[in-house]
Amino acid sequence: MSVYKEFLLLKRDIGGVVILFIMPLVLIITVTLIQDSTFKTVSDAKIPILLVDNDNGNVSKTVFDNLQKSNIFTVVTKINDEQLTESSAKEAVFKGKYQLAIIIPEKLSADLQSKIDQNVEKITASLGMTDTLAKAEKTTVVNQKEVKLYFDPAVQMSFKNAVMSSIDKMISQIETKSIYATFQAQLGEETTSFEQKSFITFKEIVPKVNNEEIIPNSVQHNVPAWTLFAIFFIVIPLSINIVKEKSQGTFVRLRTNPVPNVIVIAGKTITYLIICMIQFYMMILVAIFLFPHIGLPSLNVEGNLFLMSIVALFSGFGAIGFGILLGTIAKTQEQSAPFGATSVIILAAIGGIWVPVFAMPKMMQLIAQSSPMNWGLNAFYDVLLRHGSIVDILPEISLLFLFFIITTTIALQYDKKKRAV
Amino acid sequence: MKPIIQITQLSKKYKDAEMYSLSDFSLSIYEGQIFGLLGPNGAGKTTLISMLCGLVKPTSGSFSIDDLSYAKNSSEIKKIIGVVPQEYALYPTLTARENLLYFGSMYGLKGNDLKEKVIESLDFLGLLKFADKRIETFSGGMKRRINLIAGILHNPKVLFLDEPTVGVDVQSKNAIIDYLKKLNKNGTTIIYTSHHLSEAQDFCTDIAIVDRGKIYAEGTPNNLIASTANARNLEDVFIALTGKELRDDI
C-alpha cells in the first residue's frame, strides 16, 4: 500500500514526473551530442584560428598546409579583407573573437636553414668531409626563433596544451625534414634519399569480443556516466517527498501508527528503485534506437544488459539512501532541494563523470574513491568497456549497497534521536 | 473502576529549554471518559499527548495504556490508539478515499472491510459525494472531518484529539462532535484538547486544567464550576486558575 501511495503521489505531480523521466533523456542526448566531437576523427565544426605569416617561406607554408589539412582548424589570414598583422590578430583573440593566433616570425625558414646548415657543416667537418677553413668565414650567428601563440583568455588549459603540443610536433617534423635534406645536399648524394617516415609508430590494442575489436565511442563512455548522474538526481524528489510529509503533518500519522518506520522507508525505496530502473531503461532505449537518427553511434549493450541492470539497481540503492538521509535531516524544501542538487553535482565531479579520475590531482583521486558515483561509474565501465563479469563488479555494487545501508541507518537513528529531544 | 491510561510522574524537558514542559505529571483516565485537557498556550497539553502517542520521549516517569507499559509495548499500544493531530495530516494531492484507504491499511485493515468502513465514515460525516475529490480542493471544515476519520478507521480503544474543531464552521463542528459522541458511546475513550471552553464544557465528561506542566484542577465540568467561587461556567474556572496574563512564548 505504501508503494501504491508513493506512485499515486508521483502521478499527481506532473512537473515532478517530467523532471524524473524527460530531463534525464534531454541531458543524455545533449551531453552525448556535445562530447561526441571529441571522440570523432572527423568533426563537422572546425575551429577558426588566425595565422600571421611574417616568414613567407617553406616553414610557414608547411605550418599553413598542415593546419588546413587538420580536421580541427580552419586557417584565417585576413579579417575584413585586410591582411592580418600581429597587433590586429592579438586584438581579435584577446577580445574573444577567435580562440588562437599563431605569429610566425620573419625569416624563420631562412634562419632555420642557416642554423641547420651550420650544424651539418660542423658534423661533416668533424668527420673530415669538407674544408672547414674555407667555410668558416661564412659562419654568422643565428638567434633562436620564437613562434608566438596568442590564446583567448577564456580558453581552457587542456585546449591550450593540445594546440601547443600539435604545433610543437609540426615544427619538429619540419626541422627533421630540413636536417635530412641538408645532409643529403652536403653529402652530394642527390640520388640517395633518406627514409623520413617515423621509425617508431603507435598501435592501440583494443579489447576483442568474438575476435572482433570493440572500439569505445562517445556513447559507450557518456551513456553510463550520465545515466548514473540522472539516477542520482532522484535524491531531490525523494528528499522533497520526505520533507513534505513532515511539513504536511502526515509524518505524525506515520509515526503514531503500528507500522515501523523501516517499513515506510522500504515502501519509498521500492518505489524509487522502480523509477530508477525505468529511467535507466529509457536512457538505454534512447541510446540504442534514437542516437543513430541524430548522428550518434548506437549504444552497444550486446550481452551486457543484465549486468548493466544490476549496476543501475545498486546505483539506485546508493542514490535512494542519500535521498532518505537528506530528507530526514532537512527541515524545509528550501534546504533539501538546493543541497540535494549541489551535492549530486559535487559527487559527480569527484566521481569522474566530467573529468576522468586519473586526470585529477592526487588528493582528488583519493577523494574520488569515496564517491558512490565513482563506484557506479567504474562498475558500468567494467561491464560495458572492459567486458567484466559479475565478479568484477562485485566490489563496486557491494560498496553501493553498503552506502545505502549506512545512510538509511543514520536516517532512522537520527529520526529516533530527534524524537527523544 | 480501572484506568485505561495511567500516567505516573511523567516529566519532559526539551533540549536547551530552561523549564520543564511537563513536571511530575500524574493522572488516571478511565475507560469511557471524554477527558478534556484544557490549558493556556504552552501549558504542556500537546507535549503530554505527543508523549502518550509515542512522538516524543519522556525525560522521566512512565505511563501505560490499557495495562500496556509504553516502554515495553509501544507497537502494541499503537494498534489500540488513534491520533487526530491539530494540523491536517493528509496528502493534499490524493483523494479523500485514497488517503483513508492508505491510513486504514497502516492499521492492518484491508479489502472490503476497509473500503466499507471508509464509505460508512464518509457518509456519516456528509462527505461521501466528495470521496474521489482531492484533499487540496476541500474547505477547512471538510479537511477537519477527513482528518478525524483517518484517526478512527480502526476503531481505537483510546482516541487522542488535538483541537479537532479549530478553524471550522458551526456545521462542521457539530458533525465532528456528534461523530465523536457516537464513537464514545461505542466504547472509545477520548482524550481531547481545545481552547473552546464552552465546547469542552458540553462535550467532556471529565476535565483537567493544566498550566506550567502541572494539573491545577481535575473533575467533571459541573464540579469544577461549583467548586470555584463566583464561577458561572468553565471559562470562569479557567481564568480563576490560570490568571489573565498573556501567554506569549517562543
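The values are calculated or read from the model by the stated rules, or taken from the named source; none is laboratory data. These figures come from a predicted structure and were not determined experimentally. So basically every Cβ, Gly included, is an ideal-geometry build from the backbone, and we count neighbours across all protein chains shown.
Residue B:35 versus (1) in contact with an Asp or Glu (Cβ under 6 Å, 6 or more places away or on another chain); (2) of a type outside the set (S, T, N, Q); (3) within 29 Å of residue A:417 (Cα to Cα): which is the lone unmet condition?
(3)
Looking at this structure, is residue B:105 more than 12 Å from every other protein chain (Cβ to nearest Cβ), crowded, with 19+ Cβ neighbours inside 10 Å and either in contact with a helix residue (DSSP H, G or I) (Cβ under 9 Å, 6 or more places away or on another chain) or within 28 Å of residue A:243 (Cβ to Cβ) (or both)?
no
Can you tell me which residue among B:13, B:45, B:57, B:72 is within 20 Å of residue B:213 (Cβ to Cβ) and without any contact (Cβ under 8 Å) to a residue 40 or more places away in the chain?
Numbers: B:13 fails: without any contact (Cβ under 8 Å) to a residue 40 or more places away in the chain; B:45 fails: without any contact (Cβ under 8 Å) to a residue 40 or more places away in the chain; B:72 fails: within 20 Å of residue B:213 (Cβ to Cβ).
Checking each option against the conditions leaves just B:57.
With the checklist (1) under 29 Å from residue B:150 (Cα atoms); (2) exposed (fewer than 13 other Cβ atoms within 10 Å of the Cβ); (3) modelled with pLDDT under 90 in hand, flag the one item residue B:185 doesn't pass.
Against the list (1) under 29 Å from residue B:150 (Cα atoms); (2) exposed (fewer than 13 other Cβ atoms within 10 Å of the Cβ); (3) modelled with pLDDT under 90, residue B:185 comes up short only on (3).
Checking residue B:84 against (1) within 9 Å of chain A (Cβ to nearest Cβ); (2) under 30 Å from residue B:17 (Cβ atoms); (3) in contact with a Pro (Cβ under 9 Å, 6 or more places away or on another chain), only one condition comes out false. Which one?
It is condition (1) that residue B:84 fails.
Within the range A:308-326, identify whether any single residue is in contact with a Lys or Arg (Cβ under 8 Å, 6 or more places away or on another chain) and in the same structural domain as residue A:386 (by TED's automatic domain parsing), and answer yes or no. Walk me through how you get there before you give the answer.
Let us first name the residues in the range A:308-326 that are in contact with a Lys or Arg (Cβ under 8 Å, 6 or more places away or on another chain), namely A:320, A:324.
So of that shortlist, the ones also in the same structural domain as residue A:386 (by TED's automatic domain parsing) come out as A:320, A:324.
Yes; the residues of the range A:308-326 include at least one that is in contact with a Lys or Arg (Cβ under 8 Å, 6 or more places away or on another chain) and in the same structural domain as residue A:386 (by TED's automatic domain parsing).
Determine whether the range B:67-76 contains at least one residue that is touching a helix residue (DSSP H, G or I) at 6+ places or on another chain (Cβ under 7 Å) and surrounded by fewer than 22 Cβ atoms within 10 Å (Cβ to Cβ).
yes
Taking residue B:55 as meeting all but one of (1) out of contact with any strand residue (DSSP E or B) (no Cβ under 7 Å at 6 or more places or on another chain); (2) over 20 Å from residue B:189 (Cβ atoms), write down the number of the exception.
Among (1) out of contact with any strand residue (DSSP E or B) (no Cβ under 7 Å at 6 or more places or on another chain); (2) over 20 Å from residue B:189 (Cβ atoms), residue B:55 violates only (2).
With respect to residue A:405, determine if the residue is assigned by TED's automatic domain parsing to the domain that holds residue A:284 and surrounded by 13 or more Cβ atoms within 10 Å (Cβ to Cβ).
Against the criterion (assigned by TED's automatic domain parsing to the domain that holds residue A:284 and surrounded by 13 or more Cβ atoms within 10 Å (Cβ to Cβ)), residue A:405 does not qualify.
Kindly indicate whether residue B:64 is small (Gly, Ala, Ser), within 18 Å of the chain's Cα centre (by Cα) and more than 9 Å from every other protein chain (Cβ to nearest Cβ).
Taking the combined requirement at face value, the residue satisfies it.
Within the range A:275-294, how many residues turn out to be in contact (Cβ under 8 Å) with a residue 60 or more places away in the chain and surrounded by fewer than 17 Cβ atoms within 10 Å (Cβ to Cβ)?
Going through the range A:275-294 one residue at a time, the tally reaches 3.
Listed here are the residues, each with its yes/no results for (1) under 25 Å from residue B:246 (Cα atoms); (2) surrounded by fewer than 19 Cβ atoms within 10 Å (Cβ to Cβ); (3) within 14 Å of another protein chain (Cβ to nearest Cβ); (4) not polar (S, T, N, Q).
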residue: B:2; (1), (2), (3), (4): no, yes, no, yes
residue: B:14; (1), (2), (3), (4): yes, yes, yes, yes
residue: B:23; (1), (2), (3), (4): yes, yes, no, no
residue: B:29; (1), (2), (3), (4): no, no, no, yes
residue: B:37; (1), (2), (3), (4): yes, no, no, yes
residue: B:45; (1), (2), (3), (4): yes, no, no, yes
residue: B:48; (1), (2), (3), (4): yes, no, no, yes
residue: B:51; (1), (2), (3), (4): no, no, yes, yes
residue: B:58; (1), (2), (3), (4): no, no, yes, yes
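Of all residues in the range A:255-269, how many are exposed (fewer than 15 other Cβ atoms within 10 Å of the Cβ) and either of a type in the set (Val, Ile, Thr) or not assigned by TED's automatic domain parsing to the domain that holds residue A:409 (or both)?
2
Which condition number does residue B:125 fail, the rest of (1) within 20 Å of residue B:152 (Cα to Cα); (2) of a type outside the set (D, E, K, R); (3) within 14 Å of chain A (Cβ to nearest Cβ) being met?
Single failed check for residue B:125: (3).
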